[in-house]
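Below you'll find the structure, written out as C-alpha cells, and then a few comments.
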Amino acid sequence: MSGLTPEQWQEVSPYLDEVLEIVSEQRAAWLLSLSQKNARLAAMVQALLDEQQQFKARRVLGEIPAACRCGAGRPESGLLRAVITNRSR
C-alpha cells in the first residue's frame, strides 16, 4: 500500500490524519461511516492503518525492516559502529 501515487496520498492524507486522532476503539465505526461514502478511500485508509500496525509490531519484536537500517551493507556502517562502540567504553 505504501506505493501510493502523489495524487492518492493527497486524497487519503486528510482522512488518515483524522483517523489517527481517533482512539483505536472508535476507528471501526469511523471507517464504516467513511466506507458508506467512499468505499475505495476507506479501503486505502484501512490498508495504511494495517501497514502501520505491522510496522509497530515488527519494532516491538525487535525486527527492523531492511529499508530502515541505517548504513546496512555499506563499509562505512562498520566504521560508524566501531566509533560508537569505542566511545561507550
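Here are the numbers:
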| item | result |
| --- | --- |
| Qualifying positions in the range 31-55 - among the hydrophobic types (A, V, I, L, M, F, W, C) and within 20 Å of the chain's Cα centre (by Cα) | 31, 41, 42, 43, 44, 45, 47, 48, 49, 55 |
| Cβ-Cβ under 9 Å pairs, at least 6 apart or on other chains, the range 43-58 side hydrophobic (A, V, I, L, M, F, W, C), far side not in a helix (DSSP H, G or I) | 44/1; 44/4; 47/1; 48/1; 48/2; 48/4; 55/65; 57/63 |
| Criterion: touching a Lys or Arg at 6+ places or on another chain (Cβ under 8 Å) and modelled with pLDDT of 85 or more - qualifying residue of 49, 34, 41 | 49 |
| Sole exception among (1) touching a Leu at 6+ places or on another chain (Cβ under 8 Å); (2) at pLDDT below 70; (3) in a helix (DSSP H, G or I); (4) not aliphatic (A, V, I, L, M) for residue 71, by number | (3) |
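The values are calculated or read from the model by the stated rules, or taken from the named source; none is laboratory data. Because the structure is predicted, anything quoted here is derived from the model rather than measured. Don't worry about glycine lacking a Cβ; one is built from the backbone with ideal geometry, like all the others, and counts go over all protein chains shown.
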